[in-house]
Every structure is written in structure tokens, then in C-alpha cells.
1. Please identify, among B:Leu103, B:Leu241, B:Leu191, the residue showing maximal mean-square fluctuation in a Gaussian network model of chain B using a 10 angstrom Cα cutoff.
2. What lysines could a cross-link reach from B:Lys125, if we take a straight Cα to Cα line under 19 Å and drop same-chain neighbours fewer than 8 places away?
3. Beta carbons within 10 angstrom, averaged per residue: use that to sort the peptides A:84-93, B:174-183, highest first.
4. Would you mind checking which residues have amide H under 5 Å from A:Asp231's amide H? H placed 1.01 Å from N; only 5 or more apart, or other chain.
5. Quick one: compute the contact order of chain A, relative version, from alpha carbon pairs under 8 angstrom and 6+ residues apart, as a percent.
6. Determine the calculated [θ] at 222 nm for the protein assembly as shown from helices alone, applying -39500 (n - 2.57) to every DSSP H run no shorter than 4 residues and normalising by the residue count; nearest 500 deg cm²/dmol.
7. Using the basic label-point model (7 angstrom from Cα toward the beta carbon), what is the A:Lys246 to A:Ala224 distance in nanometres?
8. Taking each residue in B:144-156, count the Cβ atoms of any other chain within 10 Å of its Cβ, then average. What number comes out?
There are 2 protein chains.
Amino acid sequence: MQRECDALRTKGKRIVLVPTMGYLHEGHLSLIREGRSRGDFLVVSIFVNPTQFGPREDFQAYPRDLKRDVQLMKPERVDAVFYPDAREMYGAHFQTSIRLSCLPKYLCGRSRPTHFTGVATVVAKLFNIVRPHVALFGEKDFQQLLVIRRMVEDLNFDVEVIGVPTVREPDGLAMSSRNTYLTAEQRAAALSLFQSLKEARKQVLEGERDAAKILQRASDRIRAYPEATIDYVAICDPETLQPLEKITRPALMALAVKIDKTRLIDNIMLCPEGMSGSDPGR
Amino acid sequence: MQRECDALRTKGKRIVLVPTMGYLHEGHLSLIREGRSRGDFLVVSIFVNPTQFGPREDFQAYPRDLKRDVQLMKPERVDAVFYPDAREMYGAHFQTSIRLSCLPKYLCGRSRPTHFTGVATVVAKLFNIVRPHVALFGEKDFQQLLVIRRMVEDLNFDVEVIGVPTVREPDGLAMSSRNTYLTAEQRAAALSLFQSLKEARKQVLEGERDAAKILQRASDRIRAYPEATIDYVAICDPETLQPLEKITRPALMALAVKIDKTRLIDNIMLCPEGMSGSDPGR
């Protein structure tokens with residue numbers, strides 16, 4: 001892979017990478033389609049990275065189906081699928097990790113303390129193997145996107161990182177490979193994530209600026225489902241992820257909720273500016 | 001720098017990097033000359049990297065003289081000198097570090113617990129900026145060389161790492177920018193480092209296999225100088241740096257000694273095989 005990509009680079013080809021853990025859905029296909037338009041040689045990597053799973057997380061259960069993934073990519077003119085083996089990626093003497101000191105303190109990093117080290121490290125490896133000019137990541141994993149951007153800047157990776165908007169099911173549920181874990185009943189509960197985010201956006205458009213009040217209403221809505229256990233619901237600065245008390249500028253609202261054993265995340269931007277247009281009196 | 005090197009790569013040029021902290025001596029020039037023979041475009045970086053110095057170490061005092069360095073490089077046909085500013089390298093939001101979990105537990109890592117994180121991180125940055133095909137490091141900093149090799153393999157950097165033998169003053173003192181700190185009297189004490197290493201090599205050639213005995217004699221020789229404070233004297237596996245009790249295969253003997261306030265390091269390989277040739281009875 002590295003030799004191939006280096007040769008293509010030398011020929012002046014623009015290389016695009018879409019890193020995934022496989023079990024592709026429309027969200028991945030949206031990344032792939034956007035990626036297709038951004039360069040000459042489109043690489044999709046499929047690797048369920050063990051180091052970004054915690055000891056009690058779903059690494060073993062995580063859905064895998066390479067044949068199905070290849071089938072789904074057929075119409076998308078992908079140039080190469082890179083699916084390394086974990087033993088290739090992490091040899092017997094492997095001991096290097098990439099850590100960020102601030103961004104992982106918030107949101108998912110609180111309950112998944114080693115997750116973003118695993119993500120940053122594997123993405124650095126993929127960047128060094130594929131040497132992409134451009135790499136695409138979904139905005140659903142907003143914190144991951146920030147971690148990657150920060151790592152790219154801090155370590156001077158010559159890679160343009162592009163965030164692609166979340167793709168949703170017709171009922172609003174954010175696409176995720178983990179949605180496959182959900183029963184019909186759990187799925188109804190799972191809808192409360194996006195519903196509470198939309199409700200929050202509406203509150204902000206109606207003038208609410210108090211983050212605590214917005215978070216309270218969202219939590220109440222989610223807790224109405226007995227299957228749901230909130231990991232966090234937060235309103236924060238969309239660059240540093242530090243919590244915000246007042247929404248006086250664009251803010252990220254993000255949440256993680258376990259529906260039975262399935263951990264789901266989602267997020268939305270809350271934009272008070274959206275209001276000033278509809279309220280010329282301000 | 002990054003744009004320039006990327007353009008040269010696309011033209012098929014082979015890029016060589018010699019990373020230094022400046023205040024060049026014959027050891028650096030030996031790296032530069034070896035580097036000159038290894039590619040088309042030779043980059044020497046000069047950066048006194050703050051993050052590899054501990055809070056009570058000599059970052060402020062470390063000798064710097066860019067004009068002198070440029071002068072010394074004049075005959076060496078260096079293509080580019082890269083001397084970034086610390087604020088360029090570490091912006092206000094910088095928060096990413098590269099850590100190794102095993103190699104830094106030994107030798108210099110014990111008294112300099114953040115040193116190799118600083119080294120690995122800055123070298124990764126330099127690799128991403130210069131994108132060398134080849135990078136050269138001195139064997140005097142043997143542990144650093146191992147850390148870089150390990151990081152390169154673990155993170156899949158497409159860089160050939162070359163170690164270059166230590167260059168010594170006529171009296172045997174290993175070349176170091178820090179030698180400039182030494183008074184004439186301290187310099188005599190500093191010679192005990194290499195003398196004790198040579199003595200150890202002789203002991204091994206004469207059949208000694210017990211690391212403790214060799215280390216004892218070396219320590220005694222160094223402690224004979226009141227200016228000398230031993231940080232460590234160790235005999236270890238030259239790949240993992242784990243301590244060895246018996247010298248049954250090639251071993252690294254390494255030491256760090258403070259001569260007054262000047263911390264010096266040196267090392268040598270101990271090879272029992274060297275003996276078997278002179279002992280046909282075995």
C-alpha cells in the first residue's frame with residue numbers, strides 16, 4: 001500500500017483516504033462520494049482498530065462483513081480497499097502511542113479514556129501508509145474530527161482533513177454501524193437522541209440561552225425511555241469542547257446514550273445567530 | 001520547507017535529513033557527510049527543542065550559534081538548513097505527544113522521564129515537514145536511535161533510519177555540544193567515561209561475563225574523580241535495553257555521568273564473540 005501510494009504521489013496523483021471500521025452504511029458512502037470528487041486515487045481503509053476499544057467495550061461484537069462492504073463500494077469507483085490485519089498493524093514490540101492532552105478530557109473521552117489515543121495513533125499510521133493529500137471523517141464523530149485536525153496540525157501532517165455532515169435514517173437516527181445492534185423497541189428509544197437535539201435547536205431559535213435549561217429538557221426527554229442511560233449531554237465550545245453556560249455564539253451540543261448495551265452518539269450545532277435574522281428587533 | 005520537499009519528492013529526488021540541535025561538532029559533520037552520500041537533497045535541521053529538556057535542565061544554557069554552524073557546513077554541500085522557531089513548532093493550542101511505553105523506562109529515560117516523548121514528537125514533526133527518505137542519527141545517543149527506529153516502525157513512517165558511529169576527540173572523549181561547558185580539570189574527569197568503557201571491553205575480551213563485576217570496576221574508575229556523579233552505568237540488551245546479568249551475546253554498555261553540572265553520555269558494544277576467535281579451545 002505504501003509503495004503503491006508513494007509511486008502515485010511521485011506521478012503527481014492526488015490521493016484521498018476514507019478511514020473506516022467497515023460495516024459500511026450511507027454515512028460512509030457519503031464520505032466516499034465526497035472523497036471521490038476530491039482527488040485521483042481514492043483509498044478506503046477498513047480496520048476494526050482494537051486499540052480504540054476499552055476493555056469492556058464491543059470490539060469482539062463489532063459487526064464485520066468485508067464482502068458486503070466491497071459490494072456496497074462497487075458503484076462508488078473506489079481505487080483501493082486497504083484492510084490490514086491487526087498483527088500487521090501492531091507487531092509484537094509495538095509500544096508507540098499518540099496522545100492529546102486537552103480534547104480527550106471532554107465528552108466521549110471521559111468514559112472512554114484510552115479511545116482517542118487509539119484513534120490518533122491508528123490514523124497517524126494510516127496517514128503514513130497511504131500518504132493521502134486529503135482525508136475525510138464524519139461529523140457524527142465530532143470529537144474524533146477535532147482530535148484528528150489537532151493532531152494533523154500539531155505533528156505537521158501534510159493532510160487536508162475534511163468533515164462530512166452526518167447522514168440520518170428517514171426517522172432522524174444518525175447512521176452508525178452499531179444501529180444494527182438495536183431491536184425495534186430500542187430503536188424507538190434511540191430516536192430520542194436526535195429528537196432532543198432538534199428540540200434544543202428550536203429552544204435556541206426561540207431565544208433560550210441558558211445551557212443548563214436546554215440540557216435539562218434534553219435529558220428529561222431521553223430518560224423517559226427506560227432502555228436509555230445517558231453517558232453525557234453537553235453544550236460546549238466547538239473547537240476546545242470546553243462546556244458553555246450561555247449560548248452567545250455557535251455551540252456544539254453533543255450526547256452519548258446507551259440504549260440497553262448499545263452506545264450511540266449524536267451532535268448538532270446550536271446557532272444563536274440563526275435567531276437574529278428572525279428577530280430584527282434585537 | 002514542506003512545500004519545497006514535497007515538490008522535490010514529486011521530481012523523484014531522494015531527500016536526506018540530519019536533525020540536530022546545532023552548535024555543530026565533528027560528530028554532526030560525520031552525520032552530514034554520511035547523509036550527503038545517501039541522497040540528492042540534504043537537509044540539516046537546527047532546533048534546540050524545548051520539550052526534550054526537563055524543568056531543571058540546560059535548555060536556556062544550551063550553546064547556540066547559527067552563524068558558526070552555517071560556516072561549518074559550508075564545505076559539506078548541504079542543500080537546506082531548516083531552523084524553525086519554537087513558536088512555529090509549538091503553537092498556542094499544541095497538545096499532541098508521541099510516547100513509547102518500554103524503551104524510555106531504561107538508561108536516560110529514568111532520570112529524564114519526559115525526554116524521549118519530546119524527542120519522538122519533534123522528530124515526527126521534522127519527518128512530516130521534511131519528508132525524508134533517509135534520516136541519520138548518532139550512535140552516541142544510542143537510546144534515542146532505538147526510540148526513533150521503534151517509532152518509525154510503529155507509526156509506519158516511510159523513513160530509513162541510519163545510525164552513525166560516535167566521533168571522539170583525540171583523547172577519546174565523545175564529541176558533544178555540551179563538552180563546551182567543561183573546564184580543563186573537568187575534562188580530565190570526563191575522560192573516565194570512555195576509559196571505563198574501553199576497560200570493560202577489555203575485560204570481556206579477557207573472558208569476564210559477569211555484568212555486575214564489569215559495572216563495579218567502571219563505577220569505581222569514574223568515582224575516583226570527585227567532580228563525577230554517576231547517573232547510571234548499565235549493561236543491557238542492545239534492542240530492548242533490558243539489563244543483562246551475563247554477557248553471552250553482544251551487549252550495550254551505556255553510561256551517563258554528571259561532571260559537575262554537565263551531563264555526559266557514552267556507550268560501547270561489548271562483544272563476547274570477539275573472544276571466541278582468540279580462543280579456539282571453546
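1. B:Leu191
2. B:Lys125 reaches A:Lys125.
3. B:174-183, A:84-93
4. Amide H to amide H, under 5 Å and 5 or more residues apart or across chains, A:Asp231 pairs with A:Ala256, A:Val257, A:Lys258.
5. About 17 percent, as a whole number.
6. -11000 deg cm²/dmol
7. 3.1 nm
8. 4
Since every read-out is calculated from the coordinates, none of them should be taken as a lab result. Bear in mind the structure is a predicted one, so any value in this text is a computation, not a measurement. Glycine also receives a Cβ, built like all others from the backbone with ideal geometry; neighbour counts cover every protein chain displayed.
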